[in-house]
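The values are calculated or read from the model by the stated rules, or taken from the named source; none is laboratory data. Keep in mind that this is a model prediction, so the values were computed, not measured. Using ideal geometry, Cβ is built from the backbone for each residue, glycine included, and neighbour counts are taken over all protein chains shown. The area values use the complete protein model at the heavy-atom level, side chains included, leaving out ligands, DNA and RNA. Shrake-Rupley method; radii C 1.70, N 1.55, O 1.52, S 1.80 Å.
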Amino acid sequence: MDNEQEKTINVKTEESAERIVDIPEIINILPLRDTVAFPILIVPVAVGREASVKLVDDSVSSGNRTIGVITMKDPSVENPTVDDIYNIGTVVVIRMMGKMPDGIRMVAQGLVRFEITEVLQTSPYIRARIRTIDEERLPSDATQPEVEALKRTMLSLYERIIALSQNNGPELEATANNSLDASLLTDMVASQLNISIADKQTILETFDVKERMRKLMKMMSRELEVLEIGSRLQSEVHTEMNRSQREYFLREQLKAIQRELGDDVDRTQELDELRKKLEEANPPEEAMAEAQRELDRLSRIPPQSPEYTVAHTYLDWMIDLPWNKSTKDNLDIAAVRKVLDSDHYGLDKVKERVLEYLAVRKFRGDDALRQPILCLAGPPGVGKTSLGKSIARALGRNFVRMSLGGVRDEAEIRGHRRTYIGSMPGQIIQGIRRAGSNNPLFMLDEIDKVGSDFRGDPSSALLEALDPEQNSTFRDHYLDVPVNLGKVLFITTANVLDSILPPLRDRMEIIELMGYTMQEKVYIGKNHLIPKQMKEHGLTGKHIRWSDGAIRAIIEGYTREAGVRNLEREIASVCRKVTRLFAEGREKMMSLNPKMVEELLGVPRFETEEISKRTETPGVAIGLAWTPVGGDVLYIEAAKMAGKKGMIITGQLGDVMKESTQIALSWIRAHADTFGLTPDVFENNELHVHVPAGAIPKDGPSAGVTMTTALVSLLTGVCVKPRLAMTGELTLSGKVLPIGGVKEKVLAAHRAGVDHVILPSRNRKDLIEDVPDEVRDALLISYVDNIDEVLQIALPGLKLV
């Protein structure tokens, strides 16, 4: 251990007895949390850190109970270092100590301020060389009146703080008044004030007594201002409470006067009317009990109270709900079919499902049949929402619709608790109230667009409502009583199914609505869209006559969709322009043909490329792709150039599609001998595969056979058969696996002018079930199981070795 030079100073203890304490020049440093120790004053210290406990034990066991304590800059630091403590502290002597299960509790008395001059040890605890700071001895000459004035001002501020503070007792005031030494008085007041640790450290580090007193008085003035503001606020609150109590007593007296005058009769009539309406609504037993309890509470609440409005609104909801009001279903199956067919062309799957439901209802003869939960999934514009309205009209049910697009708050579905201001039931209960019957057709539109955030997950809230096993006891947070949704026919709509929560998707019966064929679009345009738009624009058969060629020209040149929404928009545009012509003086009827369509709508936005020209060079094959708005043809081009071995893939392809390209190349290299290809072809050439329309993201495994055909065509120099399109997933062993979206892809091929389509054999059932007969009859369909069959069909000039 270092030789410790010791010096002594005189220190006054609490009993004002003069004692001489030995202070070593090198002492142990104990960091303190949220505590500043001042000379002469007693400070309780709790020691819990392992290093601090060892510091105290070593100090006491060495026989020297003198240590240095310094406040930490950041109390949240668990293992403080020299950088985490201030440089100025107080030497203290340990008077009493005791060990506890969680550390050491001790009482220490400050001796003198000190400053760290050199750090000698940092582990396991800090040990440093210090310089003690002697207190200034104030002279008793002409400067003494200034110190006395500062002392009196400080005492006056302290007395006012004590008077306003609830934490400091009268004994502290007496202690302060009895302290004569200015330095000790300043330290004592600073230790007792409710100021920050940083401010207390500032007082500790101010060695000049007069300057220390001035700084402390500034802090005291700020604290006094805060206390005075708090006292004023408390007084205002107390006054407000007294005013509220006075108003309460006055209201009670007013009620008594009203009863004497007979003015209380109106409220009694209102309560009787609510009770009568509740009995007429006749809710279920549990709901009736809750409503009666709320009605009894309402009778005891004064009308001026905010709770009166809350209770009254709740009762209005309970009364207005159609607990026992139902509409009678139209069980005439032929009439229902006629209504559905008149509103929508095609969509046979949905119509058949509705008719099956009616048939079971008619066969059973009661309305206890469990309602189906239907989900109409398909691209935009195929008539999902309008079909829901048509079904409601055909069945004779009330229709209510709720759009779920962008809904992120779970309370939108299940409502808010009544404890919230302005709370209301969820949209399901509100919809049933608007419908006016307990068995409406409830359409939940865009269920795939539901989001979730910190307010909850609306999809999870729909699980109970859309489960036939649970929705008979659906509980809304606002009503907090079971509501039977078992008679409600829920129909949801979605564009894609992947974004729907799997448990929610499992509760629904999915019915997929595919895109329309050209013939279907022409029929819909002629028999539904054109009559509707002509009526809206005031046109009749005397003004305009539509030809099938004009409708086809609009479909092919101005729309690119699976549905008919854009078709209706373009038809409306033609009607507007024709209306303007007649408004400007035209009298002759217009017979609309493709040429006139181009004059009215301008240059076609979409041009049908001659598909046979694309495959006139080797390395180009035509694939089929599914898109959210219907199918489309996909041109895949391959090229080779001299260079090092490798392959470039472009066209904004997804990872799965890139993997399909790699699989195609690997299969070709593995069977190179079959095509008469030598290893030099792959070693000395760089291949480039590109899918045009590079701004459009593309992904999926169904282009595997097309990639392989394009590469084989490139490497062998054999052109792909004209007007041939293909689709299918390829494995490394050459197997062709089934794909999805068969109807959209086949329709896209037919629309693009393809004559021959190659499909996986396992997709045969999808083609027969989904694709219309007129499209199947117009195309040559080849079913394949492996890539060899594909190449034999696609590359008729290919010679195998």
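A few points about this structure:
- Relative contact order (%) - criterion: Cα under 8 Å, at least six apart; region: the chain: 7
- Pairwise FRET efficiency - T731 versus D680, Cβ, R0 = 22 Å, nearest 0.05: 0.20
- Near G623, the amide H atoms lying under 5 Å from its own belong to L634, Y635, I636, M726; only residues 5 or more places off or on other chains count, and H is placed 1.01 Å from N.
- Fraction of accessible area attributable to carbon and sulfur, the chain (%, probe 1.4 Å): 50
- Summary of packing: across the peptides 67-73, 574-580, 192-198, the per-residue average of other C-beta atoms within 10 Å ranks them, highest first, as 67-73, 574-580, 192-198.
- Value of D in µm² per second that Stokes-Einstein yields for the chain, Kirkwood Rh from Cα pairs, at 20 °C (1.002 mPa s): 58
- Positive-pole candidate from A435, I421, L376, dipole of region 351-451, charges at beta carbon: A435
- Dimensions of region 390-515 along the principal axes, based on C-alpha atoms and rounded to the nearest Å, stand at 48, 35, 24, largest first.
- Residues V119 and H238, FRET efficiency given R0 of 51 Å [Cβ-Cβ distance, rounded to 0.05]: 0.40
- Placing unit charges on the Cβ atoms only, positive for Lys and Arg and negative for Asp and Glu, gives the chain a dipole magnitude near 3300 debye about its Cα centre.
- Difference of contour (0.36 nm per residue) and Cα-Cα distance, V107 to F363: 83.0 nm
- Net lengthening on full extension, R764/K595 (0.36 nm per residue, minus Cα-Cα): 56.8 nm
- Using a Förster distance of 41 Å, the FRET efficiency for R293-E512 (Cβ separation, nearest 0.05): 0.25
- Calculated accessible area for region 493-629 comes out at 53 Å² per residue, all protein chains present (probe 1.4 Å; ligands, DNA, RNA ignored).
- Applied to region 766-778, the Karplus parametrisation 6.51 cos²θ - 1.76 cosθ + 1.60 on θ = phi - 60° returns per-residue 3J(HN,Hα) values of 5, 5, 5, 7, 9, 8, x, 4, 5, 6, 4, 5, 7 Hz, with x for Gly and Pro.
- Which of V91, S591, A359, positive extreme of dipole for the chain (C-beta unit charges): S591
- Under the simplified labelling scheme, the R337-T132 pair shows an inter-label distance of 11.2 nm, with each label point 7 Å from Cα along Cα→Cβ.
- Selection from A670, G525, S244 lying farthest towards where the dipole of the chain points positive, charges on Cβ: G525
- The figure for K487 is an accessible area of roughly 70 square angstrom, using a 1.4 Å probe on the protein chains alone.
- Whole-number D in µm² s⁻¹ for region 543-611, Kirkwood Cα-pair radius fed into Stokes-Einstein, 25 °C, 0.890 mPa s: 194
- Order of exposure, largest accessible area first, which applies to K645, K325, K218 with probe 1.4 Å: K218, K325, K645
- Inter-centroid distance (Cα atoms) of region 318-352 relative to region 710-763, Å: 42
- Ranking D498, D699 from most to least accessible surface, computed with a 1.4 Å probe over the protein chains only, gives D498, D699.
- Scaling against 2.2 N^0.38 Å puts the C-alpha radius of gyration of region 616-739 at 1.00.
- Computed over region 439-536, relative contact order equals 33 percent, with contacts defined as Cα pairs under 8 Å that lie 6+ residues apart.
- Pairs of alpha carbons in region 57-134 whose separation is greater than 18 Å (percent): 48
- In the chain, the longest principal axis of the Cα atoms and the axis of helix 655-670 are about 60 degrees apart.
- Shape call, region 400-452: gyration tensor on alpha carbons, a/c limit 1.5: oblate
- Kirkwood Rh in Å, taken over all unlike Cα pairs in region 189-254: 14.9
- Share of Cα-Cα pairs in region 706-794 lying beyond 22 Å, as whole percent: 23
- Cα long-axis angle, helix 285-300 against the chain (0 to 90 degrees, to the nearest 10): 40
- Extension gain, S62 to K328: 0.36 nm times the residue separation minus the Cα-Cα distance gives 86.0 nm.
- Nearest-ten-degree value, helix 144-164 long axis tilted from longest Cα axis of the chain: 50
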